[in-house]
Amino acid sequence: MRTLINILVKELLQLRRDPKILPILFIAPVVQLTILGYAATTDVRRVELAICDLDRSAASRTLADAFTGSSYFRQVVAVDSSDDLDFWLDSSRARIALVVPAGFAADRAAGRPTTVQLIADGSDAMVGTLGLSYAQGTLQRVAEAGGFRLPIELRPQVRYNPDLVSRYFMVPAVLAMIIMIMTMMLSSMALVRESENGTMEQLLVTPLSPGAIITGKLVPYALVGTVEILTALPVVLFWFGVPLRGSLLTLAALTAPFMLCTLSIGLLVSTLARTQQQAMMITTFVFMMPQIYLSGFIFPIQNMPRIFQMITYVVPLRYYVQALRGVFLKGVGLEVLWPQGLAMLGLGAVILTLARLRFRSQVG
Amino acid sequence: MSAQAAPAATAPVVTARELSRTFGAFVAVDRVSFEVAPGEIFGFLGSNGAGKTTTIRILCGLLAPTSGSATVAGFDVTSDAARIKTRIGYMSQKFSLYTDLTVDENLRFWGGTYRLWGSEAERRRDWAIEVAGLAARRRTLVRELPGGYRQRLALGCALLHRPPIVFLDEPTGGVDPEARRRFWDLIDDLSVQGTTVFVTTHSMDEAERCHRVALMHAGRLLALDSVRALKRIFPQGTLLEATCPRPAGALEVLERTPGVIEAALFGDRLHAVCERAGMAPVLARALDDAGNGPAAVRAVPPSLEDVFIRTIRDAEAGGRS
C-alpha cells in the first residue's frame, strides 16, 4: 500500500509540474462539451419496435404487419399489456412501441375514428424522432391502402425527453467521449514516457513488481478522470440543463468500469508504442476514432451493417453512452443498466490482462 | 554489512559462466565468464557495442541470457532476479532520474521503491544529499542541475538502500573532468567500505582506476586482469614511441620496418610494438631515411590503450587464422 502511495505521489507531482496538462485537463473538456453539445442527426433504419396489440383482430394484425414488413422497423417483441412495454423501453431494447387499443377493428368497421398509440424513446432523440415520423408515414399508408377515408388518429408520446431536445441526448454522450479521450491519452503516455526518459529501466531494477508499476499508473489517472467528470458535470447540468434523473451513485458505479477499460487500453498502447508520439497516433486512430464511430454516438448502431453491429459489442464507449443516457434521461439505475456495467467490467479486465502480459513479456 | 553477507567475504559476489546473449543473428555477448570479488572495483572496458551494457543488464535481471548462467549476491539471475534486485544498485547509461521532480522528491520516490520509509529513509536521503553536494539545492528541479551533480545524485539514489553491489554503466558520460574525478573518488570510498563496484567505461583513464579490468570486444571477453598485469603483454622495452616533424606516411614506414610487429597512431605520436628491446635507433633511421625525420624514438611504458589495441589485434588475427 505504501509502495502504491509512493508511486501515486510521484505521478501526481509530475502531472502538477507539466504546464501543458492542466489546460488540457480542465479547459479542453468544457470547450469540447460546448462545441459538440450541439450535434447533427442522421437517418435511422431498423428501429427496434415493440408491439402491444390489445385488439387481436385481423385489422390490427394488418396494421402490425405494415410495421414489421417495413425496413424502418424491426420487431423485437409482442407484449400483451401496455405495462410490459416499460421494461422494453427502459432497457432500450425497444425504441418505439405501437399500442393498438381494444376495439380498434370494431371502431373501424363502424366507421368511427380510431386511435392507436405510439411511444417513442426520446432519450435517443435521433432514433425517437425519426422512428416516430416513420411510424406516422406507415400508418398513413395503411389507412390509404385500406381505403379508409377517416384517418387513424395518432397519439404520439415521447418518453424521457418529451421535447426531443437533441442536446439532452448528445451531451451525456459527449461527456462519455471526453472522459474516454482524456483517460486513454494520459495512460497511453504513462509507460512510454518512462521508457523514453530512461526511468523505466531504473524502475525495473528496483524490487517494484510489474503489477505495482501498472497499478501505480492506473490509480492516479483514474483520479484525474474523476476530477475531469466533476469539472464537466456542472457544465452538463447547469449550462446545458440536461436533467440528471438517475443517481450520482449509479453514474459513479458505471463510470468506474468504463475508466478501467479506457485506462487499460491506454496502458496497452503504452506497451506497444516506442515513443509518446506513436502512442498518441495509435490511441487516436486505432482506439479513439473507431470507438466514437461505433459507439452509436454519431451513427445509430441500428443503421450499421451486421458485421459492424457485432463489433460494437466490444466497444466500451457503446455501453457507457447507453449507460449515461440511461442515468441522465431515463433515471434508471443498475437494475436496468447492469448488463452495460458488466460488459465494461469484463472488457476492462480482459484489456488490463493483455496490457499486463504484454508489459511483463517486454520487461523479461 | 549483515550476517548473511559474512560468508560471502571470500566467495565471489558476481559470477558469470559462459554467458551469452543474442539478438536475432547478432551475438551481443559471446560465452563470457568471470568472477568479481567483494569490495572490488571491477571495470568493463570496451568500445560501444562490445557487449558491456548487455552484460550488465543481464546481471541486473533486466535481460535474460540466451545461454550460460550468472549469479549476483549468490542468486541466479534467471530464477532469482527478484532477490537480486533488493541487493544491487544500478545506474544506467542514460540519465534516469525524474527531471521534472526536485532532488528531494526523487530521493523520496526512489527510496520508497526500496521500501525505505521514516527516519531510516530520512538518514539515507541526507547521506545522498551530502554525497552529491546538493545540501543547498534539495528543492531544485533535477533538470536544472549541472551534469556532474545529476550523476552524483543518480549514484546517491542507486545507493539509498545500501546495496552490497552496485552496477554503473558508463556513469561519467558527458561529465566534465573535474566532476569525473570527484565521481571516481566516491567510487574509491565505496570500495573501501566494502561495496563491490562493477563499472563499464570506454575511457582508459577510468579503467586505470579499477582493481581489475575486463577487456571486451565484439561480445567476447579478451583479457581480464589487474591493469599492471595486463600491461605485461609487452616485454620491457619493446614498446617504442616515435615523434617526427613530417608524420605523413610514417605509420606505413614503421609497419614495413623488419622487427616491428605492429604500429598505431596516438594523436601526433606513433607507437610501435617490436619483437625485441633496443630497436629505437633502427626505427629512427628508417623514419629519417624515408624523409619523415628528424625522428625521436624512445621506449615508453605501455598505456592501457596500447594493451587494448594489441589485445584486439591479437584476437582478430587469432580469429582469422
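Condition check for A:Gly128 on (1) out of contact with any helix residue (DSSP H, G or I) (no Cβ under 6 Å at 6 or more places or on another chain); (2) more than 22 Å from A:Val336 (Cα to Cα): one failure, at (2).
Within segment A:194-209, the residues that satisfy the criterion of being open to solvent by less than 40 Å² (accessible area, probe 1.4 Å) and either in a helix (DSSP H, G or I) or closer than 17 Å to B:Asp80 by Cα (or both) are A:Glu194, A:Thr199, A:Met200, A:Gln202, A:Leu203, A:Leu204, A:Val205, A:Thr206, A:Pro207, A:Leu208. Selection over segment B:76-88 of residues that are at the interface with chain A (Cβ under 8 Å from one of its Cβ atoms) and not in a loop (DSSP other than H, G, I, E, B) gives a count of 3.
It is to be established whether one or more residues within segment A:224-241 are within 14 Å of chain B (Cβ to nearest Cβ) and of a type outside the set (D, E, K, R). No, segment A:224-241 contains no residue that is within 14 Å of chain B (Cβ to nearest Cβ) and of a type outside the set (D, E, K, R). For segment A:97-125, a residue qualifies if it is more than 11 Å from A:Ser60 (Cβ to Cβ) and in contact with a helix residue (DSSP H, G or I) (Cβ under 6 Å, 6 or more places away or on another chain), and the qualifying residues are A:Ala97, A:Leu118, A:Ala120, A:Asp121, A:Gly122, A:Ser123, A:Asp124, A:Ala125. Restricting segment B:104-118 to residues that are in a helix (DSSP H, G or I) and either among the polar types (S, T, N, Q) or at the interface with chain A (Cβ under 9 Å from one of its Cβ atoms) (or both) leaves a set whose member that is most open to solvent (accessible area, probe 1.4 Å) is B:Arg108. Of all residues assigned to segment B:294-301, none qualifies as being without any contact (Cβ under 8 Å) to a residue 40 or more places away in the chain and either under 30 Å from B:Cys210 (Cα atoms) or not hydroxyl-bearing (Ser, Thr, Tyr) (or both).
Does B:Val72 satisfy the condition of being under 22 Å from the mean Cα position of the chain (by Cα), more than 10 Å from every other protein chain (Cβ to nearest Cβ), among the β-branched types (Val, Ile, Thr) and under 30 Å from A:Asn6 (Cα atoms)? Yes; evaluated as a whole, the condition is true for this residue.
Among the candidates A:Met288, A:Met281, A:Met310, the residue that is surrounded by fewer than 17 Cβ atoms within 10 Å (Cβ to Cβ) and under 16 Å from the mean Cα position of the chain (by Cα) is uniquely A:Met310.
Can you name every residue in segment B:29-50 that is open to solvent by 10 Å² or more (accessible area, probe 1.4 Å) and modelled with pLDDT under 90? Correct list: B:Ser47, B:Asn48, B:Gly49. Can you find, within segment B:237-256, the residue that is least open to solvent (accessible area, probe 1.4 Å) among those that are part of a loop (DSSP other than H, G, I, E, B) and in contact with a strand residue (DSSP E or B) (Cβ under 8 Å, 6 or more places away or on another chain)? If we take residues in segment B:237-256 being part of a loop (DSSP other than H, G, I, E, B) and in contact with a strand residue (DSSP E or B) (Cβ under 8 Å, 6 or more places away or on another chain), then B:Thr238 is least open to solvent (accessible area, probe 1.4 Å). Does any residue of segment A:71-81 turn out to be assigned to a helix (DSSP H, G or I) and either more than 30 Å from A:Leu186 (Cβ to Cβ) or out of contact with any helix residue (DSSP H, G or I) (no Cβ under 6 Å at 6 or more places or on another chain) (or both)? Within segment A:71-81 (the criterion being assigned to a helix (DSSP H, G or I) and either more than 30 Å from A:Leu186 (Cβ to Cβ) or out of contact with any helix residue (DSSP H, G or I) (no Cβ under 6 Å at 6 or more places or on another chain) (or both)), the answer is no, since none of the residues qualifies. Of the residues making up segment A:198-211, those that are more than 7 Å from chain B (Cβ to nearest Cβ) and either over 17 Å from A:Gln14 (Cβ atoms) or touching a strand residue (DSSP E or B) at 6+ places or on another chain (Cβ under 9 Å) (or both) are A:Ser209, A:Pro210, A:Gly211. Give A:Arg193, A:Arg167, A:Arg159 a once-over and let me know the one that is within 14 Å of chain B (Cβ to nearest Cβ) and not aliphatic (A, V, I, L, M). After applying the criteria, what remains is A:Arg193.
Here's the yes/no breakdown for (1) under 30 Å from B:Leu62 (Cβ atoms); (2) out of contact with any strand residue (DSSP E or B) (no Cβ under 9 Å at 6 or more places or on another chain); (3) within 14 Å of chain B (Cβ to nearest Cβ):
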position: A:Gln278; (1), (2), (3): yes, yes, no
position: A:Val332; (1), (2), (3): no, yes, no
position: A:Trp338; (1), (2), (3): no, yes, no
position: A:Ile351; (1), (2), (3): yes, yes, no
position: A:Gln362; (1), (2), (3): yes, yes, yes
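Among the residues of segment B:14-28, those identified as open to solvent by less than 10 Å² (accessible area, probe 1.4 Å) and either closer than 15 Å to B:Cys60 by Cα or outside the structural domain of B:Ile56 (by TED's automatic domain parsing) (or both) are B:Val14, B:Ala16, B:Leu19. Checking each residue in segment A:216-243 for being surrounded by fewer than 16 Cβ atoms within 10 Å (Cβ to Cβ) and outside any helix (DSSP H, G or I) picks out A:Gly241, A:Pro243.
Checking each residue in segment A:6-32 for being at the interface with chain B (Cβ under 9 Å from one of its Cβ atoms) and assigned to a helix (DSSP H, G or I) picks out A:Asn6, A:Ile7, A:Val9, A:Lys10, A:Leu13, A:Gln14, A:Arg17.
The values are calculated or read from the model by the stated rules, or taken from the named source; none is laboratory data. Values in this document were obtained by computation on a predicted structure and should not be read as measured data. When we count neighbours, we look across all protein chains shown, and the Cβ atoms used for this are built from the backbone with ideal geometry, even at glycine. The accessibility values were calculated without ligands, DNA or RNA, using every heavy atom of the protein model including side chains. Shrake-Rupley method; radii C 1.70, N 1.55, O 1.52, S 1.80 Å.
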